[in-house]
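These notes are about the structure you will find just below.
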Amino acid sequence: MAAPSAAASCEDFAEFQELLRVMRTIDDRIVHELNTTIPTASFVGKIDAGQTCKELYQSLMDAHTSRERIIKNCIAQTSSVVKTLREEREKAQDDVALLKQLRKEQTKV
């Protein structure tokens, strides 16, 4: 079970959360994955448990790496937006809409 390779959009926070939820599927189903990966006594000779465990481990590591990359990318993108909004806020301190947008982006980070 591999992680989705969809490009993450950081603009819509709810969409970003949903993408992370989908990417956590393998973690959330780890007990099921282990039960289906490790053979029972009747299948011990037919399935290479070592190889299937390595494949499961690699799937987990790929999913974690992918999630980490997407999260760090969104943090960087949102931090950049916050920096830009702060600079704009310095120039227009009376702009309430700009302040609201800045607070919203800070909350996302």
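The values are calculated or read from the model by the stated rules, or taken from the named source; none is laboratory data. As the structure is a prediction and not an experimental result, all values here were calculated from the model. Counting neighbours? That spans all protein chains shown, and the Cβs are built from the backbone with ideal geometry, glycine included. Heads up: the accessible areas ignore ligands, DNA and RNA and are worked out on the full protein's heavy atoms, side chains in. Shrake-Rupley method; radii C 1.70, N 1.55, O 1.52, S 1.80 Å.
Can you tell me the FRET efficiency between Asp94 and Leu20 if r is taken as the Cβ-Cβ distance and R0 is 41 Å, rounded to the nearest 0.05?
Working: r = 37 Å, r/R0 = 0.91.
Efficiency at R0 = 41 Å is approximately 0.65.
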With DNA, RNA and ligands ignored, accessible area of Asp94 (1.4 Å probe; Å², nearest 10): 150
Unmatched cysteines, the chain - criterion: no other Cβ of a Cys under 4.7 angstrom: Cys53
Computed over the chain: relative contact order in percent, which uses C-alpha pairs under 8 Å that are six or more apart: 29
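Accessible area of the chain with a 1.4 Å probe: how many percent of it is carbon plus sulfur?
Details: 4280 of 7750 Å².
Result for the chain: 55 percent of the exposed heavy-atom area is carbon or sulfur.
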Tally of Lys pairs whose C-alpha atoms are under 15 Å apart, taken over the chain, 8 or more apart or cross-chain: 6
Rg and Dmax of the stretch 13-107, Cα atoms only, in Å: 22.2, 74
Whole-number accessible area per residue in Å² for the chain, which is evaluated in the context of all protein chains at 1.4 Å: 71
